[in-house]
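Data block below; observations after.
The values are calculated or read from the model by the stated rules, or taken from the named source; none is laboratory data. Just so it is clear, the model here is predicted, and its values are computed rather than measured. As a convention, Cβ positions derive from the backbone with ideal geometry for all residues, glycine included, and neighbour counts pool all protein chains shown.
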Ligand SMILES: C[S@@+](CC[C@H](N)C(=O)[O-])C[C@H]1O[C@@H](n2cnc3c(N)ncnc32)[C@H](O)[C@@H]1O
């Protein structure tokens, strides 16, 4: 008899899911009032007794048509490293495209006392980021706009921070090259820019030993994409 065990999970989509995991069947109940659920592992028959389980489609967290990436916050340690890589100096104006809970904006304003603007399409995240900014008393330095960054005027950014997706970066690349001033810096967590080679690629190993890839570009004096 295999003892019953409980595992903590983080789910964002309410509902129930049944899974076969190895020799066990799992039933997952995600309450709608909270984003944390509890999973019980119930001992079951060996997996070969069951018909092959259908591949579970991971629920997409992109709920809005304009969303070029789902919400997945950059770990705080990596945020610090990303900002260091950007080479921030006094007077810089940082734009975080897809600003999520506002952590990149808040870290930039707190540590470097620069102005920071975030663009975010998810209204819940806009609200959360604004609350976080208020809690840190950073309203004078940080602003979050509820707007699709693809429609935004980015021309006054001297630094752009990104954590999006391959598609997101590909869509943004011509926009950045057209709108940003020569010398403006772009830093991206995890995703590169395809055929626009970065000036710096950094493999950052965090305290737990996990490696994170960061990229740095500068807008050239003349741009072939214009
Ligand atoms: C991976 S999260 C990164 C959040 C934050 N920048 C960070 O590093 O923690 C990507 C964010 O981009 C937002 N996003 C995706 N496409 C967008 C768009 N077209 N305009 C504005 N925000 C967008 C998503 O809603 C999500 O919050």
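Residues of region 143-158 that are closer than 20 Å to residue 187 by Cα and assigned to a loop (DSSP other than H, G, I, E, B): 148, 152, 153, 154, 155, 156, 157, 158. When residue 108 is tested against (1) outside the structural domain of residue 206 (by TED's automatic domain parsing); (2) more than 9 Å from the ligand (Cβ to nearest atom), just one condition goes unmet, and that condition is (1). Tallying residues that are over 15 Å from residue 105 (Cβ atoms) and within 13 Å of the ligand (Cβ to nearest atom) within region 143-153 yields 3. Sort through 61, 94 and tell me the only one that's within 30 Å of residue 211 (Cβ to Cβ), modelled with pLDDT under 95 and either within 16 Å of the ligand (Cβ to nearest atom) or in the same structural domain as residue 213 (by TED's automatic domain parsing) (or both). Just a single option satisfies the conditions, and that option is 61.
What about residue 207, is it crowded, with 20+ Cβ neighbours inside 10 Å, in contact (Cβ under 8 Å) with a residue 12 or more places away in the chain and over 22 Å from residue 87 (Cβ atoms)? Judged against the criteria, residue 207 is not a match. Checking each residue in region 159-195 for being assigned to a helix (DSSP H, G or I) and touching a helix residue (DSSP H, G or I) at 6+ places or on another chain (Cβ under 8 Å) picks out 171, 172, 175.
A residue that is closer than 20 Å to residue 76 by Cα and near the ligand (Cβ under 10 Å from one of its atoms) occurs nowhere in region 166-184. Once region 111-142 is narrowed to residues that are surrounded by fewer than 17 Cβ atoms within 10 Å (Cβ to Cβ) and part of a loop (DSSP other than H, G, I, E, B), the residue that is nearest to the ligand (Cβ to nearest atom) is 136. Considering only region 72-82, state which residues are touching a strand residue (DSSP E or B) at 6+ places or on another chain (Cβ under 9 Å) and away from the ligand (no atom under 11 Å from the Cβ). Passing the criteria: 77, 81.
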